[in-house]
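Presented below is the structure to which this report refers.
The values are calculated or read from the model by the stated rules, or taken from the named source; none is laboratory data. Computed from a predicted model, the values in this text were never measured in an experiment. When we count neighbours, we look across all protein chains shown, and the Cβ atoms used for this are built from the backbone with ideal geometry, even at glycine.
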Amino acid sequence: MNGRQVDPVRAMLAEAWASWAERGAAFSAREWGRLTRLPGWTVHELYAHVAPVPEMFAGLREALLDGPAEVVDGAGVLRAYNRPGGIAHTAAGQVADAAKESARLAEPALLVARFGVEGPAALEELADVPPGTAVAHPLLGSVTIGALGEVALMEATVHLLDLIAAAGGPPPAGDALHFTRAMLAEVADPVAFIEAAAGRGGAGSVLPVIR
């Protein structure tokens, strides 16, 4: 590797995680148990779903590949996940169950630490890996490290809006919002998205672009 990489997506992701940590550290037990707009999910379960898992980052270095990746950006990952019959549809119930189980096993303080300490430290340990580096992926064959970071930033931002809807607080950082908006627009067919966004009809066939 060629030294530490300056990656704006990783910087935005670390900032988003810091926001999750700061908000969670201030929550009361009642707020951790508050229901969100995701059916059946509490704030605690939302945290458990989004929280970075350091062990997964450690495994990334072992999965690095030589050569180009099959999927090179986050929008490509999301298109694959959200196509008809894709994992976003077929595994939705499993994802919800996993969030509930993770919340059962992880106390709020541990989740706050994952956002505020462990996740950022894991990102820093990968700072020497360029965003374009390919990594093996169990569903997509291979993706770039940067694509995984983009998806993580999108998840942290979209679910932060879910958290704010449930518990209040300031909005996400503007740069993360702008990045997420642009990335979600990239997921849709460009003509269909432009037609819908310009009021030419067909919004129901375009949105939502992710589950």
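The table for this structure:
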| quantity | calculated |
| --- | --- |
| Conditions (1) over 22 Å from Pro39 (Cβ atoms); (2) of a type in the set (A, V, I, L, M); (3) touching a residue at least 60 places away in the same chain (Cβ under 8 Å); (4) touching a helix residue (DSSP H, G or I) at 6+ places or on another chain (Cβ under 8 Å): number failed by Leu111 | (1) |
| Lone qualifier among Glu107, Glu125 - being loosely packed, with under 15 Cβ neighbours inside 10 Å, modelled with pLDDT under 95 and out of contact with any Pro (no Cβ under 6 Å at 6 or more places or on another chain) | Glu125 |
| Selected residue [under 14 Å from the mean Cα position of the chain (by Cα), among the β-branched types (Val, Ile, Thr) and surrounded by fewer than 20 Cβ atoms within 10 Å (Cβ to Cβ)] from Val77, Val72, Val53, Val117 | Val53 |
| Selected residue (criterion: farthest from Glu107 (Cα to Cα)) from residues of region 31-64 that are in contact (Cβ under 8 Å) with a residue 60 or more places away in the chain and charged (D, E, K, R) | Arg61 |
| Boolean, Glu22 is out of contact with any helix residue (DSSP H, G or I) (no Cβ under 6 Å at 6 or more places or on another chain), in contact (Cβ under 8 Å) with a residue 24 or more places away in the chain and either of a type outside the set (A, V, I, L, M, F, W, C) or within 19 Å of Glu186 (Cβ to Cβ) (or both) | yes |
| Residues of region 182-196 classified as under 24 Å from the mean Cα position of the chain (by Cα) and either in a helix (DSSP H, G or I) or farther than 20 Å from His89 by Cα (or both), total | 8 |
| Residue tally, condition small (Gly, Ala, Ser), more than 13 Å from Gly76 (Cα to Cα) and not in a strand (DSSP E or B), over region 123-154 | 3 |
| Given (1) in a helix (DSSP H, G or I); (2) surrounded by fewer than 17 Cβ atoms within 10 Å (Cβ to Cβ); (3) touching a residue at least 60 places away in the same chain (Cβ under 8 Å), index of the condition Phe179 fails | (2) |
| Test: Gly85 is exposed (fewer than 15 other Cβ atoms within 10 Å of the Cβ) and part of a helix (DSSP H, G or I) | no |
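Per-residue answers, yes or no, for (1) touching a residue at least 60 places away in the same chain (Cβ under 8 Å); (2) of a type outside the set (Gly, Ala, Ser):
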{"site": "Leu160", "(1), (2)": "yes, yes"}
{"site": "Gly169", "(1), (2)": "yes, no"}
{"site": "Gly174", "(1), (2)": "no, no"}
{"site": "Phe193", "(1), (2)": "no, yes"}
